[in-house]
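Accompanying notes for the structure given below.
Please treat every number below as a calculation from the coordinates, not as lab data. No experiment lies behind these values; they were computed from the predicted model shown. Positions of Cβ are generated from backbone atoms using ideal geometry, with glycine treated the same way; all protein chains shown enter the neighbour counts.
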Amino acid sequence: MERNTRQQEAVLEALRRGREALTPAEILQRARASVPTLNLSTVYRRLGALLEQEQVAIVSLPGQPARYEAACEHAHGDPAHHHHHFHCTTCDRVFALHACPGSMKKLVPNGFRVDSHDLTLHGRCPSCKSGARA
């Protein structure tokens, strides 16, 4: 059980350290700094456990593999925190935007009810915009 706890903590710490949503392979790469023997199937198992515990959240973009980020309750102390994402079309990283433009009620036709919304902005991150990241 201690090994699973160390592995799970390494996965969670990899997500907490960055400002971006990560693929399982990226999580593995970062978490190996703490647990060098970690493998991809273990990362998936640990992500499943962390999802059940609501310590991580899935970030889904159309046509993209699932990414994961630390749940905002753990990152910001606010379980109700709602945010959106920025997808860099050059380096393919996905960053959390800890803001929301507000209600989308004005955008939907009469008679419709908005239950939730997701907003993803697409463009270039500062590194790609400046050419620092090739």
Which of K105, K129 has the fewest Cβ neighbours within 10 Å, and the rest in rising order: K105, K129
query: What list of ³J(HN,Hα) couplings, whole Hz, do you get for segment 32-40 from phi and the Karplus terms 6.51, -1.76, 1.60, once you set θ to phi - 60° and write x for glycine and proline?
result: 5, 4, 9, 10, x, 8, 4, 10, 5
statement: Amide H contacts under 5 Å for C125, restricted to residues at least 5 apart in sequence or on another chain and with H modeled in the peptide plane, are T89, T90, C91
Calculated from backbone phi, Karplus (6.51, -1.76, 1.60) coupling profile of segment 61-72 in Hz, x at Gly/Pro: 10, x, x, 10, x, 4, 10, 9, 9, 5, 4, 4
message: How high is the relative contact order of the chain? Use alpha-carbon pairs under 8 Å, at least six apart in sequence, and give a whole percent.
response: 20
Segment 2-130, dipole about Cα centre (Lys/Arg Cβ +1, Asp/Glu Cβ -1), debye to the nearest 20: 360
